[in-house]
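Structure, as structure tokens:
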Amino acid sequence: TLLPALLDGELDLAVLAITASPHENVIQEHLFDDEFVVIASHRHRLAGRKRVTIADLAQERWVLSVPRALASQTLFRAFEAGGLPPPRVVVSTPSLPLRDNLVSATDLLGYGSSRLARIAAPHARFVEIRVKELEWIRRVGVAYRRDAYLSPVARRFIELLKSTVRETGNVTK
């Protein structure tokens, strides 16, 4: 929804997942890479295992973001590529706090940003589960229209985003 709003001039800029082949009228500036992982309650049966495969996840139940979200689509494609039935989604929500609370309080699994999982983990009491078949890096950046006027405030905001990424150790690659 952000890209169409950007192209229509409803937004001056957007922070979003950037692609290898951007729209021809959009400039993308890479900010950081965001690794995705499976998240589970620290009490989940898979939480203590040293190695988990996608097949180990085939019978699990999930709380995911909305189906059209790139992360959900990536998860579904990985299950399909592994010859497995699609993940059993029992809750679909755009709310990350709700997802985190459900994952930490139940046996449901989630799939999300490792960066956000590490921030939420002390409060939500969940762990990351690394699954080779689900390794995915989302490139995050700022995008704006190529030929549109970008105000000094918008330009300053972009510079603040970049400096914040550098200061927090999330250096762009």
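The ratio of the alpha-carbon radius of gyration of the range 76-131 to the globular-protein estimate 2.2 N^0.38 Å is 1.20. To the nearest Å, what is the center-to-center distance of the range 1-37 and the range 79-145, using C-alpha atoms only? Measuring centre to centre over Cα atoms gives 21 Å.
Ranking 48, 17, 83 by Cα position along the charge dipole of the chain, where only Lys, Arg, Asp and Glu carry charges on their C-beta atoms, puts 48 farthest toward the positive end.
For the chain, the longest principal axis of the C-alpha atoms and the axis of helix 96-105 are separated by about 20°. Over the chain, DSSP H runs of length four or greater, each weighted -39,500 (n - 2.57), average out per residue to a 222 nm ellipticity of -9500 deg cm²/dmol. Surface exposure of the range 30-138, expressed per residue as accessible area with a 1.4 Å probe, stands at 53 Å². Put a plus charge on the Cβ of each Lys and Arg, a minus charge on the Cβ of each Asp and Glu, and nothing anywhere else: the dipole of the chain about its Cα centre is then about 640 debye. For the range 1-56, the fraction of 1.4 Å probe accessible surface lying on carbon and sulfur atoms is 49 percent. For the range 1-95, the fraction of C-alpha pairs more than 17 angstrom apart is 63%. For the range 139-147, backbone phi angles converted through the Karplus equation (6.51, -1.76, 1.60; θ = phi - 60°) give residue-by-residue couplings of 7, 10, x, 10, 10, 8, 5, 4, 9 Hz, Gly and Pro being listed as x. Calculate the translational D of the range 97-173 in whole µm² s⁻¹ from Stokes-Einstein, where the hydrodynamic radius comes from the Kirkwood formula applied to all Cα pairs, the temperature is 37 °C and the viscosity 0.692 mPa s. Translational D for this selection: 212 µm²/s. Can you compute log10 of I(q)/I(0) for the chain with the Debye formula, treating each Cα as one identical point scatterer, at q = 0.16, 0.19 Å⁻¹? Reported log10 I(q)/I(0), two decimals: -1.00, -1.22.
For helix 114-124, report the angle its Cα long axis makes with the longest principal axis of the Cα atoms of the chain; keep it between 0 and 90° and round to the nearest 10°. Rounded to the nearest ten degrees, it is 60. Against the main long axis of the alpha-carbon atoms of the chain, helix 152-167 sits at an angle near 40°. Computed from backbone phi with θ = phi - 60° and the Karplus coefficients 6.51, -1.76 and 1.60, the 3J(HN,Hα) list for the range 68-73 is 7, 5, 4, 4, 4, 4 Hz; x is used for glycine and proline. If I model the range 34-81 as equal point scatterers sitting on the Cα atoms and use the Debye formula, what is log10 I(q)/I(0) at q = 0.18, 0.21, 0.22, 0.26 Å⁻¹? Log10 I(q)/I(0), no solvent term: -0.64, -0.87, -0.95, -1.23.
The values are calculated or read from the model by the stated rules, or taken from the named source; none is laboratory data. Note that this is a predicted model, so its numbers are computed, not measured. We place every Cβ from the backbone using ideal geometry, glycine too, and count neighbours over all the protein chains shown. Areas reflect the complete protein model, heavy atoms only, side chains present, ligands, DNA and RNA absent. Shrake-Rupley method; radii C 1.70, N 1.55, O 1.52, S 1.80 Å.
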